[in-house]
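Structure record follows, encoded as structure tokens.
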Amino acid sequence: MVSEVKTVSGRGIPLVGNDIDTDRIIPARYLKAVTFDGLGEGAFIDDRTALKGEHPFDQPQYQGANILIVNRNFGCGSSREHAPQAIAKWGIQALIGESFAEIFFGNCVAMGIPCLTADAVTVKQLQDLVAANPQAAVTVNLETLQVQIGDYTAPVAIGEGTRSTFISGTWDACGQLVANADQVRVTAAKLPYVSWGNFAAS
């Protein structure tokens, strides 16, 4: 199935700090957007402006990175879906951190972005390794629950139920509906409150 997420490979980007909330990830003024297109440009925009080019999302060595390495309680604050959308539009495909806010985690899962956890010592080691060698290859393996950077390998964790949905591809609710469109039509035709003519036309 196309939606299976078993491994994510690429390069890492470290973002140090606890309790980075969704308003820092994408400020509230961006919530007026009708679509999520272009949100990547606004990811961490206030922090980036304050740091005048020193934020990891602005530093040239991290451009093109797709695995974000964070600390504790990442994505706390309001439940805005725009936060994981902004990170994804920037190019992030997986996150590793000490812990994630529950709603942020759920929004990431709904988008096919695994958020894996590791202890504080491991996270710091991962951040330090990427900072020392931003071009190092990083691989997150959901089947073995390991992350590898060069010669360094460490365990990561994610709930078994969530892990299985990524590996099987069943995290993708829309994809499941499209893949089973014929069964959906058959079921809809049996429901007295669904107008089959309108359903078929759509």
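Just so it is clear, none of the values below were taken in a lab; they were calculated from the coordinates. What you are looking at is a predicted structure, and each value in this text was computed from that prediction instead of being measured. In this analysis, Cβ positions are derived from the backbone assuming ideal geometry, glycine residues included, and neighbour counts consider all displayed protein chains.
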* Structure fact -> With the 8 Å Cα cutoff and a minimum separation of six or more residues, the chain has a relative contact order in percent of 26 percent
* Highest-fluctuation residue, ASP172, ASP182, ASP23 considered, GNM on the chain with Cα pairs under 10 Å -> ASP182
* **Shape metrics for the range 15-104, restricted to C-alpha atoms - Rg then Dmax, Å** => 12.1, 33
* Equivalent ellipsoid semi-axes for the range 7-190, as square roots of 5 times the alpha carbon gyration tensor eigenvalues: give them largest first, rounded to whole Å. => 29, 22, 14
* Residue farthest toward the positive end of the dipole of the range 7-190, with Cβ of Lys/Arg at +1 and Asp/Glu at -1: which of LEU15, GLY97, THR35? -> THR35
* Asked: In the Gaussian network model of the chain, springs joining C-alpha atoms below 10 Å, which of ILE158, ILE92, ILE26 carries the largest mean-square fluctuation?
  -> ILE158
* Spatially close lysines, pair count over the range 7-190: Cα under 28 Å, gap of eight or more or interchain -> 5
* the range 61-202, dipole about Cα centre (Lys/Arg Cβ +1, Asp/Glu Cβ -1), debye to the nearest 20 -> 400 debye
* Asked: In the range 93-190, what GluC sites (Glu not before Pro) fall in a loop by DSSP, with at most 11 other Cβ atoms inside 10 Å?
  -> GLU143
* Can you list which of the trypsin sites (Lys or Arg not before Pro) found in the range 30-126 are DSSP loop residues with at most 10 other C-beta atoms within 10 Å? => LYS52
* With +1 on each Lys and Arg Cβ and -1 on each Asp and Glu Cβ, and nothing else charged, work out how big the dipole of the range 66-144 is about its Cα centre, in Debye to the nearest 20. => 200 debye
